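The values are calculated or read from the model by the stated rules, or taken from the named source; none is laboratory data. Everything numeric in this text was worked out from a predicted model, so none of it was measured. Neighbour counts are summed over all protein chains in view; Cβ atoms, including those assigned to glycine, are modelled from backbone coordinates with ideal geometry. Remember, those area values only see protein heavy atoms, side chains included, never the ligands or the DNA or RNA. Shrake-Rupley method; radii C 1.70, N 1.55, O 1.52, S 1.80 Å.
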Amino acid sequence: MQPFQLPEFYLPYPARLNPAVESAREHARQWAYEMGVLGPGSVWTEEEYAAHDYATLCAYTHPDSPGPVLDTVTDWYVWVFYFDDHFLELFKRTHDLAGAQRYLDRLPLFMPADPAAGTPEPEHPVERGLADLWARTVPAMSPRWRERFAANTAALLDESLWELVNIEAGRIANPIEYVEMRRRVGGAPWSSDLVEYATGCEVPDGIARSRPVNVLRDSFADAVHLRNDLFSYQREVQDEGELSNAVLVFQEFFGHDAQTAAELVNELLSSRLYQFDHTAVTELPVLLEEHAVPPEGRLAVAGWVKGLQDWQAGGHEWHMRSSRYMNQGAPRYSPSGLGTSAARLVPTPQNLGFGRLRAYRHVPFRRVGPSLLPEFDLPYRLRLSPHLDHARRENNAWAHRMGFDTPGALWTERQLHGFDFPLCSAGLDPDATAHELVLSSGWLTWGTYIDDWFPRVHGAARDAAGARAFARRLPAFMPVDLGPVPPPLNPVEAGLADLWARTAGPMSDRQRQGFHRAIAVMIEGMAWEVAGAAQHRLPDPVDYVEMRRLTFGSDLTMFLSRIGYEKQIPEDVFASRTLQSINNAAADCGTFLNDLFSYQKEIEFEGELHNIVLILEHFLGVSKERAVEFTGRLMNLRRRQFEHLIAVELPVLCDRLGLSAEARSALDAYLDELRDWMVAILNWHRDTSRYPEAELVRDLPSPHGLPALTGLGMAAARLFAERTS
């Protein structure tokens, strides 16, 4: 019996079958025997392999690839599925962590950056197949593509260990952790690289790491993985004892039965496809224009996007046919014979994407009132710098010189003093010198001022183009070479120029470049929020969580924390997936906490759309109170994941990299700073005057208020004030 009825899927693209399917099937079978994937000692029988039908998968997901290219792509998928089952039999079923690590450590040796370089002698079919496929594939692609493909292949292989660690611990991931890790373990980013090879459409390197391309890649990956989780739940959870399945994760977090959890996973799958479409239509054209991508590059990008759409359609068709998955009773919208899937054009509410309209239905400035905040699981001791009072005096004077509280500015003097950003800095870095604390306070003040600037100046006017133009101008005020800057035209530019000169001067060139990137991505994220406001579109939940880390300034403050440890801690540690996951978990604690405290301010007084509580209300169809509860639970789980990573995964990383005692001690100190970061943010939110209702009402402008506080948001706020006075 199937554990749930498969839901009705959003299928915007028709599936098409590559006419070279039969030759690819025969080629892949012969190749599998040559590599040892089939034959004596294989984890597959001939019957199992035939039933999985990987040639049909590749013929559906790459319908336009020439025969020889389809042969190579099919071999890649035979290899990757064989690896999954080979790893399962050797290590997941036996829980052999040490053996799994040795197995995985050898595989990158078979992906040399130089295709002409030699490789070790393969010891089993996975190594033999990888060596053969690498040599056949990479000569057709650029060196930068090879780097990306090698990194995604290594991630796909290495993160299988994460699944094994969770099985060993009997641990089910939280939803955010699961989505992030599934991208690596599930291999869809790897598939998106192969789409470039299969279509002959390589994404130009100049935009390959941009936000729109990353979002297309990630939303494609999430949709592929969530679809697979729905079809494979029975095999993975009930047969293999897997804990890495989105349906199971949602059952655990929300307390749902399997059917309800499956429907919710399908909602998220659809949302990720809507995000893919939205990005391709609204963000990608702007990116191509801003980077002046030549016609051949634009054609390549278009071909790659179409290839990803073909993959979604073909992947679904294969899941409907393969014996590897449960697919009885799944809704069908077309005849089931080969070659007829293009008839899947029958209009249904799900096929037409009616669910995407939910993102545009929010009514702004509605009365929500204060929230009853949840319990915060932050068991860290708060320490405050003894230089706090000094920093307050210096910061208030500096902010006044920059124009933050002068007539016509966004803030009044009373607001600036009440916001008390030095209090936050005093907890973030309680051991800072007086000079360092003043500088840190300035960055928090400037970061919050620009965070208010974008919605007030550009968001209220729905001026997305102006926001992007303003964002593109700001890097001129933080020159990596410490050269001259343009004359500042407003407090944002004046503050940035002053802080950059005082902060970046003592840094190394490499540190300065990293700091520049941290600030630039925060600014880009704020312009992204204005674009969402202009479209009056609630963000997709996954896209929001990932962008919120940037707009909150997490990268900026964490970068400043790590600078003091870079001599003791190797760059490989900071670049590792483990430390990135630790940083992300801490960042999410800060962003969710901020969204909980700022909910009334943003939703009721400012008409804001970018708040996790509001997004969960609409996505889950629940009350504000339930959304607050879920946000608090998610925040606490992310905090516990932070400690889990430190206790379980970080020691393995340190051992693998052979870190010295000095490096491990420095790493412990850095992690303590992240703990200080989380508890300091909670302390500041409890004491600042930025969020209490009485302060919000007091700061509403009168009908004859300040010119800087006009616009759609302030007009609605004045109406609210008149209604409640």
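Kindly provide the Kirkwood hydrodynamic radius of the range 242-320 in Å, to one decimal, from all pairs of distinct alpha carbon atoms.
After inverting the pairwise mean of 1/r, the radius is 15.1 Å.
Taking the structure as given and computing Cα Rg over 2.2 N^0.38 Å, which label from [x] 1.03; [y] 1.12; [z] 0.99 fits?
[z]
For residue 169 and residue 1, what is the calculated FRET efficiency with R₀ set at 22 Å and r taken between the beta-carbons, to the nearest 0.05?
That pair, residue 169 with residue 1, gives E of 0.15.
Roughly how many debye, to the nearest 20, is the charge dipole of the range 595-639 about its Cα centre, given +1 on each Lys and Arg Cβ, -1 on each Asp and Glu Cβ, and no other charges?
Dipole size: approximately 320 debye.
Under a crude label model (7 Å from the Cα following the beta-carbon direction), how far is residue 513 from residue 648 in nanometres?
3.6
Pick out, in residue order, every one of the trypsin sites (Lys or Arg not before Pro) in the range 483-569 that is DSSP loop and has at most 16 other C-beta atoms within 10 Å; say none if there are none.
Within the range 483-569, the qualifying trypsin sites (Lys or Arg not before Pro) (loop, at most 16 other Cβ atoms within 10 Å) are 567.
If the chain between residue 123 and residue 286 were fully stretched, how many nm would it gain, using 0.36 nm times the residue separation less the Cα-Cα distance?
Working it through step by step, the gained length comes to 53.8 nm.
Stretch residue 401-residue 697 to full length: gain in nm at 0.36 nm per residue minus the Cα-Cα span?
Length difference between fully extended and current span is 103.8 nm.
So, taking all protein chains as they sit and a 1.4 Å probe, how much accessible area belongs to residue 693, in Å² rounded to tens?
60
Could you report the range 45-155's accessible area per residue, 1.4 Å probe, as an integer in Å²?
38
Taking the Cα-to-Cβ direction at residue 489 and at residue 380 and moving 7 Å from each Cα, how far apart do the two end points lie in nm?
Inter-label distance under the simple model: 4.0 nm.
Taking 0.36 nm per residue of sequence separation and subtracting the Cα-Cα distance, how much length would be gained by fully extending the chain between residue 575 and residue 660, in nm to one decimal?
So the extension gain works out to 28.8 nm.
Taking R0 as 51 Å, what FRET efficiency do you get between residue 97 and residue 434 from their Cβ-Cβ distance, rounded to the nearest 0.05?
0.60
What do you get for the angle between helix 491-504 and the principal long axis of the chain? Use alpha-carbon atoms, 0 to 90 degrees, nearest ten.
Approximately 70 degrees, to the nearest ten.
Can you compute 3J(HN,Hα) from phi for each residue in the range 384-400, using the Karplus curve 6.51 cos²θ - 1.76 cosθ + 1.60 with θ = phi - 60°, rounded to whole Hz and x for Gly and Pro?
Those phi angles translate into 10, 5, x, 8, 4, 4, 4, 5, 4, 4, 5, 5, 5, 5, 5, 4, 5 Hz.
Between 0 and 90 degrees, rounded to the nearest ten: what's the tilt of helix 434-453 against the longest Cα principal axis of the chain?
It is inclined by approximately 80 degrees.
Put a dot 7 Å past each Cα toward the Cβ at residue 147 and residue 328; how far apart are the dots in nm?
That separation, rounded to one decimal, is 5.1 nm.
HN-Hα J couplings of the range 467-484 from phi, Karplus 6.51/-1.76/1.60, θ = phi - 60°, integer Hz, Gly and Pro as x?
So the Karplus estimates, Gly and Pro as x, are 5, 5, 5, 5, 4, 6, 7, 5, x, 5, 8, 9, x, 5, 8, 6, x, x Hz.
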